[in-house]
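Participant: Before I ask anything, here is the structure I am working with.
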Amino acid sequence: MDEIDPQLLRVLRAVADGGSITRAAAALGSSQPAVSQLLARAERRLGHTLVLRSGQDGRGGRGATLTDAGRVLADHALHVQAALTAAREDLDAVGGLSRGRVRLAGFPSASSALVPAVLARLAATAPGVTTSYVEVEPPEAHDLLRSGEVDVALTFTYVGDEVGATPDPGLVTRALGRDPLALVTPVGAGRPGGPGSVRPAGPAAVDLAAHRDARWIGGCPRCRGHLLASCATAGFTPDIVLETDNAAAVVGLVAAGLGVALLPRLALATTVIPAEVRVDPVDDDLARRVEVVVARGAERVPSVLAALDAVRSAAHLLDGPLPG
């Protein structure tokens, strides 16, 4: 079989992501005729049809989908890119990690707790590596990994998220630890205590059903879905009247007596908890799992490996005590 050009793999990945040759060309910084010619030459050389062209797709371009052969090659794009990046970094830094780049993505509540620890660790252990960070929710982080726009992503999943989900063979996910949830309520809302009250060590988990008549504050779409599922398990549907994924804003709304909320400990760890707010643990089964995700093969890249080591070193920040 003739050699397969790595550029062909990148083009096929871009066609799969963009749905048209025009958008693939734009994403690659090339022209539509150049991409079309590359595909035509590859199809003749390999003896396989790789792309099926269709009519206008309604988004200003001519639609295109990959054939089975095209998808097989496109699935290798991230692996090959990771290998090429690893080779380039190995040449740049023979004998040590003196150069490189790592692009990190993470969810909002990781930004104030996990991410600073990761970046500080990287700066100390791999000062020659250039780092960048973008804050996105897990689904968007996965998309950025697939497109090669980030190298390492911090994500989270809830128990049951994997049911019916199809694992992405191009991504590798490793668990870092648990991020328990807590019920945030105004002082006196269904639990004893007052401003400045001291909770006993190891308090029992509160029952969500005790707040079935409360007004609730929802978060991001996935967190809202988890709240609805958790309350359904407790036998009621929460009355969600306010929505924000800003933990400090949630605590402020609770302090004003405007509702109750479920918040992860990562978000609470760097949020000031006023005397008017009470934070109590909920059932451990509601905890979310924090994970680190990379493209398959990316661990061969020295800078990515350094970032993964830094992420693992910050995992001790998970499953900590409740604030306050």
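The values are calculated or read from the model by the stated rules, or taken from the named source; none is laboratory data. These numbers come from a predicted model, not from an experiment. Using ideal geometry, Cβ is built from the backbone for each residue, glycine included, and neighbour counts are taken over all protein chains shown. Note: areas computed on protein heavy atoms with side chains; ligands, DNA, RNA excluded. Shrake-Rupley method; radii C 1.70, N 1.55, O 1.52, S 1.80 Å.
Participant: Would you mind computing, in nm to one decimal, how far apart the modelled labels at residue 213 and residue 7 are, each placed 7 Å from Cα along Cα→Cβ?
Facilitator: In this crude label model, residue 213 to residue 7 measures out at 7.1 nm.
Participant: Looking at the P(r) of the range 221-324, how many percent of alpha-carbon pairs lie beyond 23 Å?
Facilitator: Every Cα pair in the range 221-324 considered, those over 23 Å come to 42 percent.
Participant: What is the distance in Å between the Cα centroid of the range 241-287 and that of the range 31-54?
Facilitator: 54 Å
Participant: Please find the FRET efficiency linking residue 173 to residue 26, where r is the Cβ-Cβ separation and R0 is fixed at 41 Å, and quote it to the nearest 0.05.
Facilitator: According to the calculation, E is roughly 0.85.
Participant: With r defined as the distance between the Cβ atoms of residue 159 and residue 276 and R0 fixed at 41 Å, what FRET efficiency is calculated, to the nearest 0.05?
Facilitator: After rounding, the FRET efficiency stands at 0.85.
Participant: Go ahead and run the numbers for FRET between residue 123 and residue 296, Cβ-Cβ distance against an R0 of 22 Å, rounding to 0.05.
Facilitator: Using R0 = 22 Å, I get an efficiency of 0.20.
Participant: Using a cut-off of under 19 Å, list every residue of the range 5-33 whose amide N is near the label point 7 Å from the Cα of residue 54 along the Cα-to-beta-carbon line.
Facilitator: Answer for the range 5-33: 12-25.
Participant: How much area per residue is accessible in the range 219-300 when the probe is 1.4 Å and only protein heavy atoms are counted (Å²)?
Facilitator: Per residue, the range 219-300 has an accessible area of 43 Å².
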